[in-house]
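This report concerns only the one structure given below.
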Amino acid sequence: MSLAATPDPVDAGESLSVVAAASDPESGVESVRLYRLDGNIRVLLGEDRVAPYQWQVVAPTDGRTTLSLYARATDREGHWAESDVITVAVRPR
């Protein structure tokens, strides 16, 4: 499974496109969830059940200079896999 986001860097308060690639030739992909990491806390941003798995995410305006994201794909048998964490640079306004 993989994850990509554009643009990078993104201006605070602006939207970025996030796309995950996931497949399971045996049972099929049930869903893909997108998470933001806030320190050690993961925040669910959305779930997509139909490929292509994609979301629009607004860059934080709280002074952060990075946005860390990852995705988790779950197949129809309940198995899951996670993408690597990607970090997008955020330009403060």
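Near ALA81, within a Cβ-to-Cβ distance under 14 Å, what is the net charge of the other residues, with Lys and Arg +1 and Asp and Glu -1?
-4
Once phi is turned into ³J(HN,Hα) by the Karplus curve 6.51 cos²θ - 1.76 cosθ + 1.60 with θ = phi - 60°, what whole-Hz value does each residue of segment 83-92 show in order, with x for glycine and proline?
6, 5, 6, 10, 10, 9, 6, 10, 8, x
Please give, to one decimal in nm, the separation of the simple spin-label points placed at SER23 and ASP62, each 7 Å out from Cα toward the Cβ.
Here the answer is 3.8 nm between the modelled labels.
For segment 6-93, which GluC sites (Glu not before Pro) are in a loop by DSSP, counting at most 12 other Cβ atoms within 10 Å?
GLU26, GLU77
With only alpha-carbon atoms in the gyration tensor, what are the semi-axes of the equivalent ellipsoid for the chain, in Å, largest first?
26, 12, 10
Assuming 0.36 nm per residue, please report the length gained on full extension of the stretch SER2 to GLU47 beyond their Cα-Cα distance.
14.7 nm
What figure in square angstrom, to the nearest 10, would you give for the accessible area of LEU45 with a 1.4 Å probe?
70 Å²
The values are calculated or read from the model by the stated rules, or taken from the named source; none is laboratory data. The model shown is predicted, which means the values in this text are computed figures rather than measured ones. Virtual Cβ from ideal backbone geometry, glycine too; neighbours counted across all protein chains shown. Each accessible area value is taken on the protein alone, full model and side chains, heavy atoms only, with ligands, DNA and RNA left out. Shrake-Rupley method; radii C 1.70, N 1.55, O 1.52, S 1.80 Å.
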